[in-house]
1. Please give me the summed charge of the neighbours of ASP124: other residues whose Cβ is under 12 Å from its Cβ, Lys and Arg +1, Asp and Glu -1.
2. Pop out the ³J(HN,Hα) list for the stretch 103-111 in order, Karplus 6.51 cos²θ - 1.76 cosθ + 1.60 with θ = phi - 60°, rounded to Hz; leave Gly and Pro as x.
3. Let me know the charge dipole size of the chain about its Cα centre in debye, to the nearest 20, where only the beta-carbon of Lys, Arg (+1) and Asp, Glu (-1) is charged.
4. Between LEU24 and residues 5 or more places away or on another chain, which pairs have amide H atoms under 5 Å apart, with H built 1.01 Å from N, and which residues are they?
5. Probe 1.4 Å, all protein chains in place: accessible area of SER48 in Å², nearest 10?
6. Run the accessible area of the chain with a 1.4 Å probe and give the carbon-and-sulfur part as a rounded percent.
7. Can you give the net charge of the other residues whose Cβ lies under 13 Å from the Cβ of ALA40, counting K and R as +1 and D and E as -1?
8. What is the ratio of the Cα radius of gyration of the chain to 2.2 N^0.38 Å, where N is its residue count, to two decimals?
Amino acid sequence: MSQIELKSVDYCYSLGEGRSIKALKNLSFSIEKGQFVTLAGMNGSGKSTLAKLLNGLFLPSLGEVLIDGVSTKDENSTFEIRRKAGMVFQNPDNQMVATIIEDDVAFGPENIGLPREEIIERVDYALKAVDMDEFRTRTASKLSGGQKQRVAIAGVLAIRPEILILDEATSMLDPKGRREVMGIAKKLNEQGITVINITHNMEEAVLSDRIIVLRKGRIAIDAPPKDAFASGLIEACGLSLPPVLQLAENLKKDGFEFDNQILFEDELAEGVCRQLN
Ligand code: ADP
Ligand code: MG
């Protein structure tokens, strides 16, 4: 059984007066436990809507979303599904509920009524997991954007999720903050947490096992990064290839040849060096 399964899912937003807009159209796919998935697509393609369907915040208008085989429509499982799939959003300043960092991370476990010792243990674990332990008694306002997003991830981790959904969580960060957050996501994934990273940034996508690209509410690409980049469809979906691949493409026009689809800088450097000698 897949951890996440969508069966012919439509999602419609009601616009009032009987009008509606269909944001997701007949989506069917599954995600296995422990996968690192990039979910990409232009603005308005349906990414955030899909994310909210995965943690039961939205229910499908048609079809079904199953988490570990249980439909998000099953009212008895709403709480469990929200716990399983934790979300971090775009704006680092909108996600803090407390001034002091450890209080912020404790908010989730306190809210579900866990005993004091358990809360302390979870806050401890979560702050260490995002490398923010040394900041625990500081105020959030003094942190960088990347650090704030790491605290937001800690807040989700304190609920012990099995799926971490990052909805453009790096889009307001500088390159350093971006790298910090992606580094943490990768580490958590290696520890077994399924990661769904929503992004426009195809450099982040090279870290993932799989890229799903939405176009107008449908799946346009669903492939490992190398195949997705080689498909020629990335640009047609309004996205840009990572700079390393763009450089490789330009070098090919200048007569360089590469055996395999280039994904990382060191692969490109190695290929170029070989041909210069
Ligand atoms: P993305 O996250 O990829 O930018 P969204 O999931 O936010 O896309 O939006 C998908 C589509 O649904 C868009 O056409 C958007 O305008 C529409 N939409 C999103 N939220 C609402 C809403 N609350 N009410 C009406 N339409 C919405
Ligand atoms: Mg969005």
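1. -2
2. The phi angles translate into 5, 5, 5, 6, 4, x, x, 5, 5 Hz.
3. Numbers: 33 positive and 41 negative charges, 145 e Å.
That gives a dipole near 700 debye.
4. Under 5 Å from the amide H of LEU24 lie the amide H atoms of TYR11, each far enough along the sequence or on another chain.
5. Its heavy atoms expose roughly 40 Å² to the probe.
6. Carbon-and-sulfur percentage of accessible area, whole number: 49.
7. -3
8. That works out to 1.08 for the chain.
The values are calculated or read from the model by the stated rules, or taken from the named source; none is laboratory data. Because the structure is predicted, anything quoted here is derived from the model rather than measured. Note that each Cβ is placed from the backbone with ideal geometry, even for glycine, and that neighbours are counted across all protein chains shown. Accessible surface is based on the protein model in full, side chains and every heavy atom, while ligands, DNA and RNA are left aside. Shrake-Rupley method; radii C 1.70, N 1.55, O 1.52, S 1.80 Å.
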